[in-house]
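Here is the structure we will look at, set down as structure tokens.
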Amino acid sequence: MSAYLGVETETEGRVDGDKHLVGMRTGAQWACAESCDAYANIGLQYGKYQSNNLLFEVRREDVQYDAKLGVNFRFAKHWSFRPQLVFVRTDSNVIIHDYKRYDVTVSLRRDF
């Protein structure tokens, strides 16, 4: 488990200004078999921007939730196969930054 604080500095004229954030993350990994590991992570982050958004006339605030599930199969020496599912949900008081996203990834890896 981890917790963090941070500041994203506004660049290239971002209308919302700097973002102050706080978050936490936790995860676990299990050995399914000698050649297989499963893992899961969840996270939560709150962000508050420092300038009013002139278009929406509010100071933007976001809450982001994310979850990740995956399996790592080691099927031969130096080779692994990893399917993974990531879900991200951001609730924002500025509607254009309010979204859900699903990301499905499959990777094949060779270690040298």
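The values are calculated or read from the model by the stated rules, or taken from the named source; none is laboratory data. Because the structure is predicted, anything quoted here is derived from the model rather than measured. Neighbour counts run over all protein chains shown; Cβ positions are idealised from the backbone, glycine included. Side chains are part of the model used for accessible areas, which takes the heavy atoms of the whole protein and leaves out ligands, DNA and RNA. Shrake-Rupley method; radii C 1.70, N 1.55, O 1.52, S 1.80 Å.
A few comments on the model shown:
- When Arg74, Arg82, Arg14, Arg59 are checked against the criterion of being more than 13 Å from the chain's Cα centre (by Cα), outside any strand (DSSP E or B) and of a type in the set (Lys, Arg), Arg14 stands alone in meeting it.
- Filtering the range 1-37 to residues that are of a type in the set (A, V, I, L, M) and exposed (fewer than 15 other Cβ atoms within 10 Å of the Cβ) leaves Met1, Ala3, Leu5, Val7, Val15, Val22, Met24, Ala28, Ala31, Ala33.
- Selection from the range 57-88 of residues that are over 23 Å from Gly23 (Cα atoms) and open to solvent by 70 Å² or more (accessible area, probe 1.4 Å): Glu57, Phe73, Arg74, Phe75, Lys77, His78, Trp79, Phe81, Arg82
- Given (1) modelled with pLDDT under 95; (2) in contact with an Asp or Glu (Cβ under 7 Å, 6 or more places away or on another chain), index of the condition Gly13 fails: (2)
- Cβ pairs under 6 Å, 6+ apart, first in the range 97-112 and farther than 29 Å from Lys19 by Cα and part of a strand (DSSP E or B), second open to solvent by 60 Å² or more (accessible area, probe 1.4 Å) and not aromatic (Phe, Trp, Tyr): Ser107/Arg82; Arg110/His78
- Residue within the range 39-54 that is open to solvent by 50 Å² or more (accessible area, probe 1.4 Å), in a strand (DSSP E or B), closer than 30 Å to Asp111 by Cα and in contact with an Asp or Glu (Cβ under 8 Å, 6 or more places away or on another chain) present: yes
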